[in-house]
Amino acid sequence: MIATVTLNPSLDKIATVEELVVDEANRWTSLRRDPGGKGINVSRVVHELGGETIAYGFIGGIDGETLKHLLQQQGVPFDFTPIQGEIRSNFIITDLKTRRQTRIDAPGPRISRDELRKLIDKITRIKPKPDFMVFAGSVPPGVPTDIYRQLIEKAKKSGIKTVLDSDNKWLKEGINAKPNVIKPNVHEAEELLETHLRDQAAIVEAVKTLVNRSIDVAAISRGKDGLIVANGEKILKITPPQAEVRSTIGAGDSTIAGLVLKLSQGHGIEEASRWAVASGTAAVLTPGTELCRREDVERLLPQVKVERL
């Protein structure tokens, strides 16, 4: 089973317009709402791929109730911690003419010490223990910068394997707890390692550096070029098939879900990485924040190339 922790969940509202015109009234042609937050997205994809999961995190307000209702509709289990504030709403505007997306993301509600303590107590006492616990996304106001380090250390002491997928200061602090799996993109890895990853050779050196920091599996995402993955024994280049991009939102979360699901099922790094890239590629085929569909992932799997470096 894979548990996910989303400290800053959101209700994502996706509108499409024929052409986005600044300083003019724009009428949407379609409107969709989806549960948001990186960890929640991972749980959604694990569930879609047939795996067992549960989503933890904060929840509050009318949008929080809507988020729970949407997860119930999708059949995704959750055990959220209530807060006084309202979860954030993110707005995504898709311009059908240019195929560009404009995102307006909220910082999130302020979390009190008591609310944070309740969440920590809940995930510390989780039963039955999951195979992996995924900590993902940004951190809302009121939560300390080193929260991921704290949570990863607690999970590891309980014998739970951990995954960290965040950026900036939260990634830099969290990696000090030596999570089992990380998957930054190139930009995030450059910030983490304070170096410029100008080509494939530099990315290969970067994943080797991360593994040498006691990370079991380090993967750096290169978008349409796939993944470079290392686990201490192998370094792999995973190349996706070409795909028509409808939306890149959630592609990284889908990649994490495919990778961790297969690792939790006992598959080797090659097969897990193949599922990771197939899941991420399938996610770009769907509009807005719809994430990947299982039939697309299974169709794309044979087209994913795995090369040992």
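Just so you know, all these numbers are worked out from the coordinates, no wet-lab data involved. Only a predicted model underlies this, so the values are computations on that prediction, with no experimental measurement involved. No Cβ is skipped: glycine too gets one built from the backbone with ideal geometry, and neighbour counts run over all protein chains shown.
In plain terms, the residue of K172, K262, K122, K127 with the fewest other Cβ atoms within 10 Å comes first and the most crowded comes last, giving K127, K122, K172, K262.
The distance between label points at E205 and H267 comes to 3.2 nm (points 7 Å beyond Cα on the Cα→Cβ vector). As a calculated quantity, the FRET efficiency between R308 and R32 at R0 = 35 Å, using C-beta atoms, amounts to about 0.30. A cut-off of 5 Å between modelled amide H atoms, ignoring neighbours fewer than 5 places along the same chain, links I59 with T81, I83.
Which of the trypsin sites (Lys or Arg not before Pro) across the stretch 64-119 are loop residues per DSSP, with 14 or fewer other Cβ within 10 Å?
Working: sites: K68, R88, K97, R99, R100, R103, R110, R113, R117, K118; in loops: K97, R99, R110.
Here the sparse-neighbourhood loop sites are K97, R99, R110.
Our coupling estimate for the stretch 220-229, obtained by passing each phi through the Karplus curve with A = 6.51, B = -1.76, C = 1.60 and θ = phi - 60°, is 10, 7, 10, x, 5, 8, x, 10, 10, 10 Hz, Gly and Pro reported as x.
Under a 5 Å amide H cut-off, with hydrogens placed 1.01 Å from N, S221 pairs with N185, V186 among residues at least 5 apart or on other chains. Distant-in-sequence amide contacts of G37, defined by a placed amide H-H separation under 5 Å and a gap of 5 or more residues or a different chain, comprise S10.
Loop-located trypsin sites (Lys or Arg not before Pro) in the stretch 12-48 (DSSP state other than H, G, I, E, B) with a sparse environment of at most 10 neighbouring Cβ atoms within 10 Å: R27.
Compute the distance from the alpha-carbon center of the stretch 227-297 to that of the stretch 53-89, in whole Å. Answer, in whole Å: 25. Extension gain, D23-T248: 0.36 nm per intervening residue step, less the Cα-Cα distance, totals 78.4 nm.
Residue by residue, the stretch 153-158 carries 3J(HN,Hα) couplings of 4, 5, 5, 5, 5, 8 Hz when phi is fed to the Karplus relation 6.51 cos²θ - 1.76 cosθ + 1.60 (θ = phi - 60°); x denotes Gly or Pro. Here the stretch 151-309 is treated as a Stokes sphere of Kirkwood radius computed over C-alpha pairs; at 37 °C and 0.692 mPa s its diffusion coefficient rounds to 210 µm²/s.
Arranged by the count of other C-beta atoms within 10 angstrom, fewest first, what order do F80, F58, F91 take? Numbers along the way, then the final one.
Details: F80 21, F58 26, F91 15.
Ascending number of Cβ neighbours within 10 Å: F91, F80, F58.
Placing unit charges on the Cβ atoms of the charged side chains and taking the dipole of the stretch 2-308 about its Cα centre, the candidate lying farthest along the positive direction among L70, G268, A206 is G268.
The order of T286, T239, going from fewest to most other C-beta atoms within 10 Å of their C-beta, is T239, T286. Let me check I've understood the local charge: for Q265, count other residues with C-beta under 12 angstrom from its C-beta, Lys and Arg +1, Asp and Glu -1. What total comes out? Computed value for this residue: -2. I want to check the label-to-label distance for T66 and K234. Put each point 7 Å from Cα in the C-beta direction and report it in nm to one decimal. Label at T66, label at K234, 4.4 nm between them. Among residues other than K169 with Cβ under 14 Å from its Cβ, the summed charge is -4 (Lys and Arg +1, Asp and Glu -1). The modelled label-to-label distance for the pair D114/K154, using points 7 Å beyond Cα in the direction of Cβ, is 1.8 nm. Where in the chain is the longest stretch that carries no GluC sites (Glu not before Pro) classed as loop by DSSP and with at most 10 other Cβ atoms within 10 Å? After excluding every exposed loop site, the longest remaining stretch is 25-193. The 3J(HN,Hα) values that the Karplus relation (6.51, -1.76, 1.60; θ = phi - 60°) gives for the stretch 176-191 are, in residue order, 5, 8, 6, x, 5, 9, 9, 8, x, 7, 4, 4, 5, 5, 5, 5 Hz. Gly and Pro appear as x.
Taking every pair of alpha-carbon atoms in the stretch 2-308, give the share separated by more than 25 Å as a whole percent. Tail of P(r) above 25 Å: 47 percent of Cα pairs.
Given only helices, namely DSSP H runs of n ≥ 4 each adding -39500 (n - 2.57), what is the per-residue ellipticity at 222 nm of the chain, to the nearest 500 deg cm²/dmol?
Values: 10 runs with 112 residues, N = 309.
Helices in the chain give a 222 nm mean residue ellipticity of -11000 deg cm²/dmol.
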